[in-house]
1. Which residue pairs have Cβ atoms closer than 9 Å, lie 6 or more positions apart in sequence or on different chains, and pair a first residue in the range 84-97 that is touching a residue at least 40 places away in the same chain (Cβ under 8 Å) and farther than 18 Å from residue 245 by Cα with a second residue that is part of a strand (DSSP E or B) and of a type in the set (S, T, N, Q)?
2. Filter the range 185-206 down to residues that are of a type in the set (D, E, K, R) and in contact (Cβ under 8 Å) with a residue 40 or more places away in the chain and give me whichever is surrounded by the fewest Cβ atoms within 10 Å (Cβ to Cβ).
3. For the range 133-185, which positions are closer than 19 Å to residue 262 by Cα and among the hydroxyl-bearing types (Ser, Thr, Tyr)?
4. Could you go through the range 284-291 and let me know if any residue there is surrounded by 19 or more Cβ atoms within 10 Å (Cβ to Cβ), modelled with pLDDT of 95 or more, under 22 Å from the mean Cα position of the chain (by Cα) and charged (D, E, K, R).
5. Do the conditions hold for residue 110, that is, is it under 18 Å from residue 13 (Cβ atoms) and touching a residue at least 40 places away in the same chain (Cβ under 8 Å)?
6. Could you check the range 26-139 for helices (runs of 4 or more DSSP H) lying wholly inside it with 1 or more residues that are under 18 Å from residue 206 (Cβ atoms)?
7. What are the pairs, 6+ residues apart or on separate chains, where a residue within the range 132-148 that is among the β-branched types (Val, Ile, Thr) has its Cβ under 6 Å from a residue that is buried (at least 18 other Cβ atoms within 10 Å of the Cβ)?
8. Run down 22, 9, 42 and say which single residue is modelled with pLDDT of 80 or more and within 30 Å of residue 196 (Cα to Cα).
Amino acid sequence: MSRGKAFAERWLPVPIAGRPTEEQHVRLRVALEQALAEAVPEIVQQLDRRGILRLLEDEQQLTREMSDQIGQLVRTRALRVEQFPDEEIASEKQYGAGYREKPLPGQVTLLRELFPELKEARCNEMLAHYDLPQGAEEWFAVPRWQALAPTYSEAVQRVFTVIASRRRFENRICEKMGPEHLRQSDRAAQAWELIGKSQEGAEILVIPAQAGMRHRGRSARRAAAMMDSNEFGLGVFAVGVLLLLHPERVCNADALMIDASGDEYSLLGNGEYTRVPLFDFGISGLEFSIFYRERARPMWSTPSGFVVQVVA
């Protein structure tokens, strides 16, 4: 039996928003039934006898077509793929030259070397033996941020400190990195909570992820609208770890740059989180700053992770 077939029978995507409740199901059914109840009489009144006869020629086909149209509308609205269609630009940008995903054991070994507090950290490396879910490129190792610092902002700073010790790096907003400026998005925080619960006892988590190619050329909010139900944007901490373990990912100005859209940024620290953190390459080497969530550029991309449940 192939590895892919074995894995396909042993994991399931986990919707990050959680499974709908029965009350939510009932509310949606009532809303759809009400919409039909209001629309059908008006449509019928607008038809003459010939039009009605044509529709009644094949009542089963009419029912099927109406069902298909309603289903497509509901799925489109639920997936939000119609949002921000103008915020997407064709892109031919690639990852940095020489970029290759490191095997998971090598990632874990390097994390334990770089962060003393992870020396004895547990990790479920067996997950790397499973096939990847659709959209993911590799299994990546990311510590729980709580294993490195008491707050998310401090954990980000720990990663930045290590990055700066290994390559040229400039944080252009180093004075504005507190929680009033930088925070995890609700969706990303919920995704990491689900992943943490599924890998209970592990300080180094393992996630299937992609390093940006899947959403290249899209604005941060367009990328978010296009993500699958079990997909989430990686934030500054996770992207920082990815770049620490894979410095070749952004190693020159020609490489595909990164929106860390799993996090949100407030320029004024006033509760309005309208910007997205980003990593790019400039005269200072790897650079960290912020950008507009609604701006699309062919050189930008959004890395993302996927929440899956492995079943025995």
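The values are calculated or read from the model by the stated rules, or taken from the named source; none is laboratory data. From a predicted model like this one, the values you see are computed outputs, not experimental measurements. A quick note on method: Cβ atoms are made from the backbone with ideal geometry, for glycine too, and the neighbour counts reach across all protein chains shown.
1. 91/301; 93/301
2. Here the answer is 187.
3. Those that are closer than 19 Å to residue 262 by Cα and among the hydroxyl-bearing types (Ser, Thr, Tyr): 151, 152, 153, 185.
4. no
5. Values: under 18 Å from residue 13 (Cβ atoms): no; touching a residue at least 40 places away in the same chain (Cβ under 8 Å): yes.
No: the conditions fail for residue 110.
6. Of the helices (runs of 4 or more DSSP H) lying wholly inside the range 26-139, those with at least 1 residues that are under 18 Å from residue 206 (Cβ atoms) span 104-114.
7. 142/205; 142/238; 142/241
8. So the residue among 22, 9, 42 that is modelled with pLDDT of 80 or more and within 30 Å of residue 196 (Cα to Cα) is 22.
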